[in-house]
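What follows is one structure encoded as structure tokens, with my remarks underneath.
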Amino acid sequence: MMNKRIEAALNDQIQKESSSSQFYLAMASWAENNGLNGTAKFMYQHSDEERFHMLKLIKFVNERGGVALVPAVPQPPVEFDSLERVFELLLEHEIVVTESINGVVDVCLQEKDYSTHNFMQWYVSEQLEEEALARGILDKLRLIGGDKGGLYLFDRDLENAAAQATAGMGGQPA
Ligand code: FEO
């Protein structure tokens, strides 16, 4: 049997990863409908990665004698004010996810569950990377400002970044 506090913390994290996946899927769809095909590819891929984060947790909970809950997720927004706003929201969202992961790590320490603590370290480093990536992208967007040519190049760069990430993962989200 899995410790009930650990199980509840992990199920809460499953919910967060699932809603991240839906949130980025909504951003992908918005970008696709606004002629930002590179951004759309990047967001579709990011959405897949979040689904993978969720699946990894579901399997962990079930393998350790817990019961993973497949969550209902709220409907994400349909419209976004601007591309910059999209990435601001992404960064804000990732910061909330990082806090939540730190909270799970904290529960692991309180409950002296060192194997779940060890498992969660993967998420701790993943969050560092995701926040750094989002901050880097936002910096670029702020530099570009309203410059159309700059935005075109930005969108193409994101398309390349998405393609490289896919190639590096053998086509699998990681
Ligand atoms: Fe799975 Fe972007 O946090």
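The values are calculated or read from the model by the stated rules, or taken from the named source; none is laboratory data. Quick caveat: nothing in here was measured; it's all calculated off a predicted structure. Cβ sites come from the backbone with ideal geometry, for glycine too, and all protein chains shown count toward neighbours. Please note that ligands, DNA and RNA were not included when accessible areas were found on the heavy atoms of the full protein model with its side chains. Shrake-Rupley method; radii C 1.70, N 1.55, O 1.52, S 1.80 Å.
Scanning region 35-54 for residues that are free of Cβ contacts under 8 Å to residues at least 60 places away in the same chain and either within 11 Å of the ligand (Cβ to nearest atom) or under 10 Å from the mean Cα position of the chain (by Cα) (or both) turns up M43, H46, S47, E50, M54. In the set (1) away from the ligand (no atom under 16 Å from the Cβ); (2) closer than 30 Å to R156 by Cα; (3) crowded, with 16+ Cβ neighbours inside 10 Å, the condition left unmet by R64 is number (2).
One residue stands out among those in region 69-98 that are away from the ligand (no atom under 11 Å from the Cβ) and within 13 Å of the chain's Cα centre (by Cα): the one that is surrounded by the most Cβ atoms within 10 Å (Cβ to Cβ), which is F87. Among the criteria (1) within 15 Å of the ligand (Cβ to nearest atom); (2) modelled with pLDDT of 95 or more; (3) open to solvent by 30 Å² or more (accessible area, probe 1.4 Å); (4) within 16 Å of the chain's Cα centre (by Cα), the one F119 does not fulfil is (4).
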